[in-house]
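The values are calculated or read from the model by the stated rules, or taken from the named source; none is laboratory data. Quick caveat, the model's predicted, so the values are computed rather than measured. FYI the Cβ positions are ideal-geometry reconstructions off the backbone, even for glycines, and counts take in every protein chain you see.
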């Protein structure tokens, strides 16, 4: 078959494997999950699918009535709203340092800050679990030099989430740092020279040259980082199992437990869709802002 | 003025070396705890280096903990996902880049907008489907959902679009078939993006946790991260053993990364450049 002089059979043949895989193992499950979220699909339905009944929005309504869900949602917001900005800030500072003319050994620093990014999250969580250990952990040992008494980082609801955030920031900031470095290198040196001629100090240069010209990079980084942080799972799974007192239970961890521990799969699918909704909202806000800037 | 400048410089170096130490400390401690004698990592004050280094924890992982099996599982899964997805994505990416066919733009837009859907949404039905197909707790359980990726198709399409049409036309006039052109012209020219994508896919698959945790239901099929998390449940008190396990889990990706650093950094930049 020809279409505008090209053999389109070939095009369809090239597309078939990937599209088959994506439609059957991605799009179909998305639709199925949507259907599941309005049924009472549970362990009995696993063997006999006809036992699942349509229940309308009651999974969603039950969730909104469940204090544990609000706890998980609140924890996730805490993790996202504290962790992501902290991570972005540190990435930006590290990138600016790496971009400074005063600094040598740049490849060493860049590689060092990047190492946690490529390592396995589960292994990293295992290491940090011991670093946070109350009696023998490195952190409490270091803090003892400045006179701070041992803290039960992962066992105290007040500190557990903060401990996870610190670890996540340590693990991830190198990634955005690389993107920021490239963004900084794209800023023409002449702009800084002009600013200096006008008598701008370091802060004014940053505020009036660096920040505005980095806006697009920062926007992209903000969105991907927020979305990534929304999906945190391995950190609490390995380090706290959502405790103590559910203070580190995340949305995805709750989804996993409801779906694959208690086999309340309809309920779990509803949680997954709420996560989807949150990510969709973040994306739409970003698109809106982007459009605004283009005009 | 000069005085102030050198002040700033020393301050910067001090901060950077401090940050580098903080970044590396967990790794150093992991390595050193993994060769401490049993109980050596649970002492006060904590030791940074072992008095009498020992390999016993590594030996135990190999002889009693089935770590070779987990290692093989991780390798089989990560290599298969990488090879299959590279083949499927590059074919689709080529079709989107260089062919015109009815429905192309609609299909491409559908794929792009689907990138906003988090993978977690698909996991419950996917598990049920694979369960029905008898593929839960097999390598296919991890490989099948990883066979193609929208992101991979997108990256390859962008790259192939920069290959001049005239090259393809010339090959066609010489009588080359569509498949020959893909195999002998497009793939070699797209090598940089293929290597980058292969690296990302391999490392992503190696480090992946949630889906392998769900689909590998039996101990002998665990990948390294799942096995490590499981070991944590049983041997949490055994700090030195856990650290040896962490070393073995991390080491392969670290080596792959160090060997191909340039491609990885390049890949980050590709992902961050908007259309």
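Tabulated values for the structure
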{"item": "Qualifying residue in region B:17-39 (condition: more than 7 Å from chain A (Cβ to nearest Cβ), surrounded by 19 or more Cβ atoms within 10 Å (Cβ to Cβ), at pLDDT below 95 and not in a helix (DSSP H, G or I))", "result": "yes"}
{"item": "Qualifying residue in region A:81-102 (condition: facing chain B (nearest Cβ under 10 Å), surrounded by fewer than 17 Cβ atoms within 10 Å (Cβ to Cβ) and touching a helix residue (DSSP H, G or I) at 6+ places or on another chain (Cβ under 6 Å))", "result": "yes"}
{"item": "Spans of helices (runs of 4 or more DSSP H) in region B:143-187 with at least 2 residues touching a residue at least 24 places away in the same chain (Cβ under 8 Å) and within 23 Å of residue B:263 (Cα to Cα)", "result": "B:150-161"}
{"item": "Residue satisfying condition, being facing chain A (nearest Cβ under 8 Å), loosely packed, with under 14 Cβ neighbours inside 10 Å and either farther than 22 Å from residue A:124 by Cβ or at pLDDT below 95 (or both), within set B:102, B:53", "result": "B:102"}
{"item": "Scan of region B:68-125 for residues that are in a loop (DSSP other than H, G, I, E, B) and without any contact (Cβ under 8 Å) to a residue 60 or more places away in the chain, ordered by number", "result": "B:99, B:100, B:101, B:102, B:103, B:115, B:116, B:117, B:118"}
{"item": "Selection count, region A:124-182, where residues are assigned to a loop (DSSP other than H, G, I, E, B) and within 26 Å of the chain's Cα centre (by Cα)", "result": "10"}
{"item": "Helices (runs of 4 or more DSSP H) fully within region B:203-275 counting 1 or more residues that are over 26 Å from residue B:32 (Cα atoms)", "result": "B:210-215, B:261-272"}
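Residue by residue, here is whether (1) surrounded by fewer than 21 Cβ atoms within 10 Å (Cβ to Cβ); (2) more than 10 Å from chain A (Cβ to nearest Cβ); (3) touching a helix residue (DSSP H, G or I) at 6+ places or on another chain (Cβ under 8 Å); (4) modelled with pLDDT under 95 holds:
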{"site": "B:190", "(1), (2), (3), (4)": "no, yes, yes, yes"}
{"site": "B:193", "(1), (2), (3), (4)": "no, yes, yes, yes"}
{"site": "B:205", "(1), (2), (3), (4)": "no, yes, yes, no"}
{"site": "B:210", "(1), (2), (3), (4)": "no, no, yes, no"}
{"site": "B:213", "(1), (2), (3), (4)": "no, no, yes, no"}
{"site": "B:218", "(1), (2), (3), (4)": "yes, yes, no, yes"}
{"site": "B:223", "(1), (2), (3), (4)": "no, no, yes, no"}
{"site": "B:234", "(1), (2), (3), (4)": "yes, yes, no, yes"}
{"site": "B:237", "(1), (2), (3), (4)": "yes, yes, no, yes"}
